[in-house]
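K.L.:
Got a structure here, written out as C-alpha cells. Questions coming.
The values are calculated or read from the model by the stated rules, or taken from the named source; none is laboratory data. Only a predicted model underlies this, so the values are computations on that prediction, with no experimental measurement involved. A quick note on method: Cβ atoms are made from the backbone with ideal geometry, for glycine too, and the neighbour counts reach across all protein chains shown.
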Amino acid sequence: MSSTSLRAVEITPDNVRTAVKVEVREDQNAFVAPVVFSLAEAYASRETAWPRLILDGDRPVAFIMANFDPDEKEPDHRCGIWRLNVAAGEQGKGYGRFAVQAVLDEARRRGQRRVTVSWVPGEGSPEEFYLKLGFRKTGKVDGDELVGELFLD
Ligand SMILES: CC(C)(COP(=O)(O)OP(=O)(O)OC[C@H]1O[C@@H](n2cnc3c(N)ncnc32)[C@H](O)[C@@H]1OP(=O)(O)O)[C@@H](O)C(=O)NCCC(=O)NCCS
C-alpha cells in the first residue's frame, strides 16, 4: 500500500464496472452484500447513500458505503457505515482502515459526532476489526446484527 496513492472516489459511469468486480472471499459472503446489490440500494437511496470505490493507484481494492440521513427517526441509522467490502486478495493491507477513515472524515465534514456500524457476529465476522478501529458495542441488536458506535473528537 502506498499512502500517497490511496483514495476514495465516487462511483461514475467510468468506474462502475470496476467497482462491482470488488469481491470478498467466498466464505465472507455471509457478512456483506455484493457491491452490485449495494449500488442498487445506493440508487434507491441516492439522497442519503455515500458509496465510494477505494483505489490504490489504479488498482481497485475496496468498496465502502455510508448512509448520512440526519432526519432519520432511528438514531442508529442517521450516520453510519452501511457496507464494506475489501477485495479478497487485498485484505490485511490497511485498506479497510483507510475506507472507514474516509467515512469518519466525511461524517466530521458533515458535522456529525456519532458514527455507527453493525455486523453479523460469529466466526470470521469483522467485529475485531471494528473494535480495533475504535468502535464500541452499544449492546443493541439490529435484526441479526450487533450495533457498534464511535464518537468523533
Ligand atoms: C473486515 C474487513 C473489512 C477488514 O479489512 P482489511 O483491509 O483486511 O483490514 P485492515 O488491513 O485495514 O486492518 C486494520 C486492523 O484490523 C485488524 N483486522 C482486520 N480484520 C480483522 C479480523 N477479522 N479480526 C481481527 N483483526 C482484524 C488488522 O490486523 C489491522 O490491525 P493492525 O492495525 O493492528 O495491524 C475485510 O476483511 C472484509 O472485507 N471482510 C469481509 C466483509 C466484511 O466483513 N465486511 C464488513 C461488513 S460490516
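K.L.:
Looking for something among the β-branched types (V, I, T), more than 11 Å from the ligand (Cβ to nearest atom) and crowded, with 19+ Cβ neighbours inside 10 Å - is there at least one such residue anywhere in the stretch 73-85? So that I can check it myself, show each step before the final result.
P.N.:
Filtering the stretch 73-85 for residues among the β-branched types (V, I, T) gives 81.
When the remaining residues are screened for being more than 11 Å from the ligand (Cβ to nearest atom), the result is none.
Among the residues of the stretch 73-85, not one is among the β-branched types (V, I, T), more than 11 Å from the ligand (Cβ to nearest atom) and crowded, with 19+ Cβ neighbours inside 10 Å, which makes the answer no.
K.L.:
Moving on to the next point. Give all pairs with beta carbons closer than 6 Å in which a residue from the stretch 73-93 that is polar (S, T, N, Q) meets a residue that is in a helix (DSSP H, G or I); count only pairs at least 6 apart in sequence or on separate chains.
P.N.:
N85/V35
K.L.:
Only one of these conditions is not met by E41: (1) within 13 Å of the ligand (Cβ to nearest atom); (2) closer than 21 Å to D144 by Cα; (3) surrounded by 14 or more Cβ atoms within 10 Å (Cβ to Cβ). Which number is it?
P.N.:
(1)
K.L.:
For the structure I just gave you, tell me whether F31 is in a helix (DSSP H, G or I), within 11 Å of the ligand (Cβ to nearest atom) and touching a residue at least 12 places away in the same chain (Cβ under 8 Å).
P.N.:
Values: in a helix (DSSP H, G or I): no; within 11 Å of the ligand (Cβ to nearest atom): yes; touching a residue at least 12 places away in the same chain (Cβ under 8 Å): yes.
Spelling it out, it is not the case that F31 is in a helix (DSSP H, G or I), within 11 Å of the ligand (Cβ to nearest atom) and touching a residue at least 12 places away in the same chain (Cβ under 8 Å).
K.L.:
Taking S5 as meeting all but one of (1) at pLDDT below 95; (2) in contact with a strand residue (DSSP E or B) (Cβ under 7 Å, 6 or more places away or on another chain); (3) under 18 Å from V103 (Cβ atoms), write down the number of the exception.
P.N.:
(3)
K.L.:
Taking the condition under 22 Å from R7 (Cβ atoms), near the ligand (Cβ under 10 Å from one of its atoms) and surrounded by fewer than 16 Cβ atoms within 10 Å (Cβ to Cβ), does A88 pass?
P.N.:
Working: under 22 Å from R7 (Cβ atoms): yes; near the ligand (Cβ under 10 Å from one of its atoms): yes; surrounded by fewer than 16 Cβ atoms within 10 Å (Cβ to Cβ): yes.
So A88 passes the test.
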